[in-house]
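Report on the following structure.
The numbers here are math on the coordinates, done by the rules we state, and not lab data. What you are looking at is a predicted structure, and each value in this text was computed from that prediction instead of being measured. So basically every Cβ, Gly included, is an ideal-geometry build from the backbone, and we count neighbours across all protein chains shown.
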Amino acid sequence: MPAPIQLTPQWVQINPSSDLTLRGTVAVPGDKSISHRALMLGCLAQGTTTITGILPSADPQSTAQCLRDLGHEISPLTADPVLVQPGEWREPLQVLDCGNSGTTMRLLLGLLAGRAGQFFCLTGDDSLRGRPMQRVVTPLRQMGAEIWGRQGGTRAPLAVQGQVLKPIAYDSPIASAQVKSAILLAGLGCDGITQVREPAPSRDHTERMLRAFGADITWEHGTVTLQGGAVLRGQSVVVPGDMSSAAFWLVAGAITPGADILLTNVGVNPSRTGILEVLEAMGAQITCHNQRMVAGEPLADIRVQYSALEGVAVGGALIPRLIDEIPILTVAAAFAQGKTVIRDAAELRVKESDRLTAMATQLTRLGVMVEEHPDGLTIHGGSQSLMGTELQTYDDHRIAMALAIAALRAQGASRLAPAGCVQISYPQFWETLQQLCQNNPTPSDAV
Ligand code: S3P
């Protein structure tokens, strides 16, 4: 019998067996969104910031390196805690490389647009250079920012000539935490009140962390109000586990007979828990334990056990609350009885890959019936078994991890390539998958 997971630098092979199950306890890695923000606010504050539990994956590494290039001292992200010692903001002599990270580029644009007299160039990898930047460039230009780039300044590489900005009240056409955060970070240095209104609430980590660092910020009914000019003070930030990473194990546990997985220290900020609500509505057996607040963010341990699932309809204001979990949700849908319809999710077309086409194409290869819509997917689940095959990850971390979970429940081996992209958000993913496949005791005593 081959090992369940065979890993090479180019591809990973998943070799499922009929008696394979998933059991054990997983400390999911730190939240990616919170890790970026802790590094950035640490550099804006006076005094040292310590960050415990940061995610040391490629995306936060991109943010850390850009901030070092801008004059700040940050310990290697593998340290725990990571120390951020803010320095004088300097004009970098090199192009800032945001790698694969949309959060790095969009939030840095907000942070740098108001550094009057300094000039910055930002770029990223092939995927990031193809992603829309207009959504942050438009409001920042309304604040007085000078930004140039390809396609009218809406695609990287981008150049920013820092200006004195003026505050705005912005009605965002999309529910995007990156847009909201870029405007708030620009508003911090403005004289007066900056407001952002969104059509539906997106993740609020920036607001929570700005308040913890001493900013004068309030939010209610989808509107955030920030008074510019506050002096931020360095803090001790504790980063919770990432719900977006936990989601792979939540679905893996829900669809694998005999599975019993305990996920510890997972962030359960309500702006991120859409996936829990949808899986519960599908019939998943999920229980939350030890709910607590740590450094302004709610945390819990979450246990998932196998149970039969049923299809659901997902759309509207729920979408921003599970935006990064949709690829793995389509895998749950493939194993649920009946039809799952996902709508209002056109944003997925401009993520690290076009995630709607990616999941539709690859699930179809595995034998699932999927219909693609401009803004979503209909997945006809549960009727046939999946057959292992060659799978394309589009070099997108969340597509790779979602397909790995689907392949684990297929008949016959699947080979996924490229597989190194899990480094973007979850470097330990393959190792944790191997561990869960071993015949572990159930984690029942731990909760
Ligand atoms: C993020 C916000 C979301 C999410 C992304 C991380 C953030 O993007 O998809 O992975 O850290 O602010 P949008 O703001 O574009 O929806």
Cα centroid separation - the range 258-301 against the range 193-217, whole Å: 23
Beta bridges by DSSP in the chain, antiparallel share as percent, to the nearest 5: 70
Mean Cβ neighbour count within 10 Å, used as a protection proxy, ranking 135-144, 59-68 highest first: 59-68, 135-144
Ranked list, fewest to most other Cβ atoms within 10 Å of each Cβ, for 421, 190, 98: 190, 421, 98
Scattering profile of the chain at q = 0.10, 0.11, 0.13 Å⁻¹ [log10 I(q)/I(0), Debye over alpha-carbon scatterers]: -0.69, -0.83, -1.15
Least to most buried among 375, 126 (fewest other Cβ within 10 Å first): 126, 375
Global geometry of the range 370-438, whether rounded, prolate or oblate, following the gyration tensor of its Cα atoms and the 1.5 cut on a/c: oblate
Proximal lysine pairs, the chain, alpha carbons under 27 Å, eight or more residues apart or interchain: 5
Order of 324, 344 - criterion: other Cβ atoms within 10 Å of each residue's Cβ, fewest first: 344, 324
Sequence ranges 351-359, 295-303, ranked by mean other-Cβ count within 10 angstrom, highest first: 351-359, 295-303
